[in-house]
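These notes are about the structure you will find just below.
The values are calculated or read from the model by the stated rules, or taken from the named source; none is laboratory data. Predicted model, so just to flag it, every value in this text is computed and none were measured. Note that each Cβ is placed from the backbone with ideal geometry, even for glycine, and that neighbours are counted across all protein chains shown.
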Amino acid sequence: MRFLFRLLLLLTLLSLLALGAFAWFGLSDQPTVAAGKRLSHQDIARAKAILERNDPRHLPAGTQRQITLSEDDLNLAANYLAQKYVPGGARVALHPTVADLDASLQLHGLPLRNYLNLSVTVHEAEPGARISALRIGRIQAPDALSRLLVKQLLGTAGRSRGASLALASIRELRMNEHNLTLRYEWRPELLDAVREDLIPADHASAMAAYHARLAQLQADGIIGRTSLAEALPPLFAYAAERSREGDPATENRALLAVLGAWASGRGMDRLLDPAQRPNTLSRFRLRLQRRADFAQHFLTSAALAANGDTLLSDAIGLYKEVRDSESGSGFSFTDIAADRAGTRFGELAGDPRKAAGLQQALARGATEADLMPPARDLPEHMTAAEFQRRFGGVDSPAYTRMMDEIEARIARLPLYR
């Protein structure tokens, strides 16, 4: 018995020493890769162009296509993922047949040495790629451990139908110092599989319930050509009712996903199967400050932010305004104010600490002044030339002052304090 006790004590001490050694050599007090810049409207434009060039949805099953991504494209995607899921930055460097990926992830809750710096080298391999080197801080992982980690990752991916189909569709991967080229075989069922992975069954069920409630409120004449402030209370009261048996933040996200898809005028088919939405929604007619475009901006931004995509919400809002200044209704700070108010609303709705409070506040009733500050006095409908003359671009001091004014107005609203 004494021997077993000593052995247990020794193993415990060795485990603590190993953990301490990993923390010392595997973690750092400085990142090797600085946090990436926030998404810009140019980034959104480039991503949209890539998607439009490589949209395979109308291809026959079995068709082979290839997609070519530059080093800048890969860095954009890597940094977006790093900022979305864990604060940090990432860097991709391409070489002939090889890609190097470096990432620095900030670990909250650690007083010292709170950066995890990773370095991975990926080689071309048939039919895809293989990891040949993995470094965690100053620790060089043995090849056997690298292979084990890759096997575990592939095993995890295999449990995801979407990831499994995506991996199985890859036919060839090639890298040079400028681009990564991926040849794949198109499988139409991949879209449904990805939707199933992104929208779990319980979340899809919640969205179907909110879709049905919204359709019923329309049929009863409660929601029609009305203010957004009149439409939200009965919907969030329903969310509060459903939250007695569920999580308020999850319910809010599902509700805003439906409202955001409805406001955008497209996307409902991508959220729910026809069988889950037997009732159809009427055309979007809600208003905010007597304008339908304000309500649309507000809800689409809220839907993205509630589901953890504040970065994307802000960048898309700016992208739309820059595009409108070039060929459309013009650059409007009024629309950006609606975007930013919607983003703040979505952040509250998706915050587990504040989701229930928001439900209760809205269920008691709301006014438009609760949701969005006055904005119709802000500059709008500016052509690209006029915007450049008055504000000098989206990084200028004049532009920053206008954005600060919008943020200050939103911050003064009691709902967002």
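Could we say that Asp404 is part of a helix (DSSP H, G or I) and assigned by TED's automatic domain parsing to the domain that holds Gly308 here? Answer is yes for this residue. The residue that is nearest to the chain's Cα centre (by Cα), among those in the stretch 277-318 that are modelled with pLDDT of 85 or more and of a type in the set (Gly, Ala, Ser), is Ala305.
Yes/no per residue for (1) modelled with pLDDT of 90 or more; (2) more than 18 Å from the chain's Cα centre (by Cα); (3) not assigned by TED's automatic domain parsing to the domain that holds Gly365:
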residue: Arg213; (1), (2), (3): yes, yes, no
residue: Leu259; (1), (2), (3): yes, no, no
residue: Gly265; (1), (2), (3): no, yes, no
residue: Pro274; (1), (2), (3): no, yes, no
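The residue pairs whose first member lies in the stretch 36-58 and is closer than 24 Å to Pro87 by Cα and in the same structural domain as Ala78 (by TED's automatic domain parsing), whose second member is modelled with pLDDT of 70 or more and of a type in the set (S, T, N, Q), and whose beta carbons are closer than 6 Å, counting only pairs six or more residues apart or on different chains, are Gly36/Asn79.
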